Amino acid sequence: MKKSVGKTAKAIIAAVIVIAIIGTVFTYRLYSREFSSSFTAMDTYITLKAKGVGCKDTLDEVENFVKDYSDNVLSRHIETSEVSKINANGGGTFSSGISDYFDLLLEISRESDGAFDFTLGALSDLWGIGTENAKIPTDKEIKSVLFCSGVDKIFYKNGKISIPEGMSIDFGAAGKGMALDEIKTKYLEKSKISRAVFSLGGSILLYSTKENDTFTVGIRNPDESNDYMAVLTVNEGCVSTSGSYERYFEEDGVRYHHIFDPKTGYPAQSGLVSVTIYSESGTVSDALSTACFVLGAEKGAALAKKYNCEAVFIDTEGFVTVTDGLKDKIEITNDNYTLR
Ligand code: FAD
Ligand code: MG
């Protein structure tokens, strides 16, 4: 009798140990593994990678947030979004998803001497770049849409905006960065995630709870869609790239791309093919990458300095200019490009 009790007790102890081991391994897999996911939103490819406790749940929440923020708030391509309603009604009241950033966007527009202009939706539609209807508009058509564009024609106070007839607000140049800032404060900083890399098209968030943690980020080769021409090694922050290779059409050997000079209404001709901005803020990195592309390397570097950002400019000849803070953090990996 005694013998059989001893055996039973041993069997129970063994079972408990096995269950505990399986439980620990399962819990570890569930909460401490590195997770990644990818999906499409904002008409771009999005990848989320994170490490830390509960990261799968947080990534699911972030994916839902990005889709909701795009479709219900920022997108001017979806009729029921907040921006579309404001465009259709000539104004309205912003929710916090926009009003929290709007003063900064207005300021960047002013500080860039209008190079960053989020009122060019009608101009983008006129050119149709990236669609089947892309065409070179007439000067008269361009003048007529520019007449209704420009942030100086907006009336904005306490979250209420009013815009002139014909103006179309377009957050295409800053929306991915705004989403990254929202994700950081509303999800990552409230989670137990220790490290994350979130890539929303040309805008990337690098996040870590470890001081001085480093990340490597490739800068896309403007001539090759699936290749990098340089690698940056930086600490946490946001990296955004704007390039003339992203959306364009060619006619008579001329490339017409999607980043417009608001002063002319034509694709910006600043001698650059790509600008990368490294900033603490996603909104600033995204808006400035567009602004600096329009301004060119010299004025762009001055604007980047004003916002405490670092920048990489690639010109049409393959020369790469880098601001001081990135000089020892960049490695050119393609012989067709030369660091100045
Ligand atoms: P960026 O340089 O960051 O932005 C360039 C874009 O900003 C241009 O495409 C134009 O829209 C605008 N722009 C041009 N010149 C200027 C300027 N001087 N100042 C300010 N803005 C300027 N695209 C679609 O085709 N269909 C969609 O349904 C769609 N939905 C979107 C939803 C959201 C929320 C966002 C943020 C973007 C959406 N886009 C959509 C646009 C698309 O994702 C990219 O914004 C576009 O491809 C260019 O982004 P980029 O990062 O390459 O360039
Ligand atoms: Mg941008």
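Structure notes:
- Test: residue in the stretch 204-221 that is more than 15 Å from ligand 1 (Cβ to nearest atom), small (G, A, S), surrounded by fewer than 21 Cβ atoms within 10 Å (Cβ to Cβ) and at pLDDT 95 or above: yes
- Scanning the stretch 254-276 for residues that are of a type in the set (A, V, I, L, M) and within 10 Å of ligand 1 (Cβ to nearest atom) yields a count of 3.
- Residue within the stretch 280-293 that is of a type in the set (A, V, I, L, M) and part of a strand (DSSP E or B) present: no
- Candidate set from the stretch 41-69 (those that are assigned to a helix (DSSP H, G or I) and within 14 Å of ligand 1 (Cβ to nearest atom)); member that is surrounded by the fewest Cβ atoms within 10 Å (Cβ to Cβ): D68
- Whichever residue in the stretch 179-225 is among the β-branched types (V, I, T) and farther than 25 Å from T333 by Cβ and, among such residues, is farthest from ligand 2 (Cβ to nearest atom): T209
- Some residue of the stretch 133-149 being touching a residue at least 12 places away in the same chain (Cβ under 8 Å), in contact with a strand residue (DSSP E or B) (Cβ under 8 Å, 6 or more places away or on another chain), surrounded by fewer than 21 Cβ atoms within 10 Å (Cβ to Cβ) and more than 22 Å from Y69 (Cα to Cα): yes
- Residues of the stretch 260-273 include none that is within 16 Å of ligand 2 (Cβ to nearest atom) and under 16 Å from K176 (Cβ atoms).
Yes/no matrix, rows are residues, columns are (1) in a loop (DSSP other than H, G, I, E, B); (2) out of contact with any His (no Cβ under 8 Å at 6 or more places or on another chain); (3) within 16 Å of ligand 2 (Cβ to nearest atom):
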residue: D71; (1), (2), (3): no, yes, no
residue: R76; (1), (2), (3): yes, yes, yes
residue: I129; (1), (2), (3): yes, no, yes
residue: P137; (1), (2), (3): yes, yes, no
residue: K140; (1), (2), (3): no, yes, no
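- Sole residue being in contact (Cβ under 8 Å) with a residue 60 or more places away in the chain, β-branched (V, I, T) and not in a helix (DSSP H, G or I), chosen from I204, I277, I193: I193
- Residue satisfying all of: in the stretch 224-256; in contact with a strand residue (DSSP E or B) (Cβ under 8 Å, 6 or more places away or on another chain) and in a loop (DSSP other than H, G, I, E, B); surrounded by the most Cβ atoms within 10 Å (Cβ to Cβ) among these: S244
- Qualifying position, being of a type in the set (F, W, Y) and over 29 Å from H77 (Cβ atoms), among F215, F198, F171: F215
- So Y207, is it more than 19 Å from G282 (Cα to Cα) and out of contact with any Phe, Trp or Tyr (no Cβ under 6 Å at 6 or more places or on another chain): no
- Of all residues in the stretch 164-178 being of a type outside the set (D, E), crowded, with 18+ Cβ neighbours inside 10 Å and farther than 18 Å from T276 by Cα, the one that is farthest from ligand 2 (Cβ to nearest atom): M167
- Residue in the stretch 84-103 that is free of Cβ contacts under 8 Å to residues at least 24 places away in the same chain, within 11 Å of ligand 1 (Cβ to nearest atom) and of a type outside the set (S, T, N, Q) present: no
- All of V239, V234 fail the test of being β-branched (V, I, T), within 14 Å of ligand 1 (Cβ to nearest atom) and closer than 24 Å to L180 by Cα, apart from V239.
- Of all residues in the stretch 285-340, those that are touching a helix residue (DSSP H, G or I) at 6+ places or on another chain (Cβ under 7 Å), within 15 Å of V273 (Cα to Cα) and surrounded by fewer than 16 Cβ atoms within 10 Å (Cβ to Cβ) total 0.
The values are calculated or read from the model by the stated rules, or taken from the named source; none is laboratory data. Quick caveat: nothing in here was measured; it's all calculated off a predicted structure. Every residue, glycine among them, receives a Cβ derived from its backbone with ideal geometry; neighbour counts consider all protein chains shown.
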